[in-house]
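Data block below; observations after.
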Amino acid sequence: MTIPADEKPGARIGVSVALEGRAYDIHIGRHLLCEAAGLIGDLAPGAKVALVTDGTVAALHAPALEASLHQAGIASTRMVIPPGEASKSFGQLAALCDELLAAKIERNDIVVALGGGVVGDLTGFAAAILRRGVRFVQIPTSLLAQVDSSVGGKTGINSSHGKNLIGAFHQPALVIADTALLDTLSEREFKAGYAEVVKYGLIDDPGFFDWCEANWSRIIAGGPERDHAVAVACRAKAAIVARDEREEGDRALLNLGHTFAHALERLTGYDSRRLVHGEAVAIGLALAFRFSQRLGLCPGQDAVRVARHLDAVGLPSRLRQVPGGTGSADEIVAAMAQDKKVKRGVLTFILARGIGRSFIAPGVAAEEVRAFVADELAAG
Ligand code: GLY
């Protein structure tokens, strides 16, 4: 797979999310932030902007966006939430809604989420319920948000019962993925987002997985390969969302590796010093392939290849790599059983018949999972 001619350095890549009545564009490219005001102005002439960000991103990127909005004659108000998963809470949602109302944000105005997944999920949910729905624009600043959470309209907050259990589908009106913003990410955070990139190859695009194996270091370095990877991921997600917006079918494929991942995140107390989401997904991807192999579905060499690629990138692929440990097989299965994808006590998994051949497997026996996890733990 080679990079298409229209994705050479400096190119602007456009991806459409074809939802009837709510179609929107994803713009991908380096240094798009300085063009954001023009894109927002075209979307909503005369609108005010509420710019929601977190304390970390505000210092790095808000001034450039505000300067471009100011130059374009667009009035903006900045709202800053604390960085971190704890901001996806009822308290923070209420505070943000109050702030948006105090700033007199009306239904024809625009709420902009400038940040990673936490900012996008919280801001999107606030936009979904404020005045029964205002338009919002996603300007994702993490790789994970650019290739996953900013696209597809899942918004929400966490509950004491689990992550993302309270929310709404509310599609953005525009997504601007400035891939130069990713230059400020730590290597750890970038690599964690990369797990969600490679996931698209594993779901249904074996050619993309081959390409990732050959090009992952250039994706990290930030050349046209990075833009291409973001574009492939966004196109894949846009296609799935367009045919199954509300996860009644195919959209569940995007959860490849996530049933294991969510359990590991829960068991490590959502402590980002131990495990961040993308690292949990990396382990979950490797486990999903080894579990598929054990069930006789997937050739062993494909499961080995997945783990070998994650290892080469510097991502974890084994339970033993979780700092501080994970608990027993029973605890891992119990943590999975709390996942929102569990229906009547039966686990639904995304399994694979090979690289790029994933499928939804409802009704996987918990005992089968427990025995697999016990063997993974014993293997060390
Ligand atoms: N992150 C999975 C989805 O958007 O459906």
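The values are calculated or read from the model by the stated rules, or taken from the named source; none is laboratory data. This is a predicted model, so every value here is computed, not measured. Counting neighbours? That spans all protein chains shown, and the Cβs are built from the backbone with ideal geometry, glycine included. The area values use the complete protein model at the heavy-atom level, side chains included, leaving out ligands, DNA and RNA. Shrake-Rupley method; radii C 1.70, N 1.55, O 1.52, S 1.80 Å.
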| said: Out of the strands (runs of 3 or more DSSP E) lying entirely within segment 10-120, which hold 2 or more residues that are more than 14 Å from Ile139 (Cβ to Cβ)? | reply: 13-17, 76-81
| request: Scan segment 93-109 and give yes if some residue there is open to solvent by 10 Å² or more (accessible area, probe 1.4 Å), out of contact with any helix residue (DSSP H, G or I) (no Cβ under 8 Å at 6 or more places or on another chain) and within 25 Å of Tyr270 (Cα to Cα), otherwise no. | output: yes
| query | What residue, among those in segment 161-181 that are touching a Phe, Trp or Tyr at 6+ places or on another chain (Cβ under 8 Å) and part of a loop (DSSP other than H, G, I, E, B), is farthest from the ligand (Cβ to nearest atom)? | reply | Ala173
| request: Give segment 25-76 a look and list any residue that's β-branched (Val, Ile, Thr) and buried (at least 19 other Cβ atoms within 10 Å of the Cβ), or say none. | output: Ile26, Ile28, Ile40, Val49, Val52, Thr53, Val57, Ile74
| task | Given the conditions (1) on the phi < 0 side of the Ramachandran plot; (2) open to solvent by 10 Å² or more (accessible area, probe 1.4 Å), report the number of the one that Gly314 does not fulfil. | result | (1)
| Do you know which of the residues in segment 182-201 that are hydroxyl-bearing (Ser, Thr, Tyr) and under 13 Å from the mean Cα position of the chain (by Cα) is nearest to the ligand (Cβ to nearest atom)? | Tyr200
| Taking segment 132-160 as the search range and keeping residues that are among the small types (Gly, Ala, Ser) and assigned to a loop (DSSP other than H, G, I, E, B), which one is farthest from Pro172 (Cα to Cα)? | Ser160
| task | Within segment 239-294, track down each residue that is open to solvent by 40 Å² or more (accessible area, probe 1.4 Å) and within 16 Å of the ligand (Cβ to nearest atom). | result | Ala239, Ala242, Arg243, Arg246, Glu247, Glu248, Asp250, His277
| field | All positions within segment 202-224 that are within 16 Å of the ligand (Cβ to nearest atom) and either open to solvent by less than 30 Å² (accessible area, probe 1.4 Å) or not assigned by TED's automatic domain parsing to the domain that holds Gly115 (or both) | value | Leu202, Ile203
| request: Return the residue satisfying two criteria in turn: it lies in segment 116-160 and is farther than 16 Å from Val57 by Cα, of a type in the set (A, V, I, L, M) and open to solvent by 10 Å² or more (accessible area, probe 1.4 Å), and of such residues it is nearest to the ligand (Cβ to nearest atom). | output: Ala128
| message | For the structure I just gave you, tell me whether Asp227 is more than 15 Å from the ligand (Cβ to nearest atom), modelled with pLDDT of 95 or more and either out of contact with any Asp or Glu (no Cβ under 8 Å at 6 or more places or on another chain) or not assigned by TED's automatic domain parsing to the domain that holds Ala282 (or both). | response | yes
| request: For segment 130-139, state whether one or more residues are out of contact with any Asp or Glu (no Cβ under 9 Å at 6 or more places or on another chain) and farther than 24 Å from Leu43 by Cα. | output: no
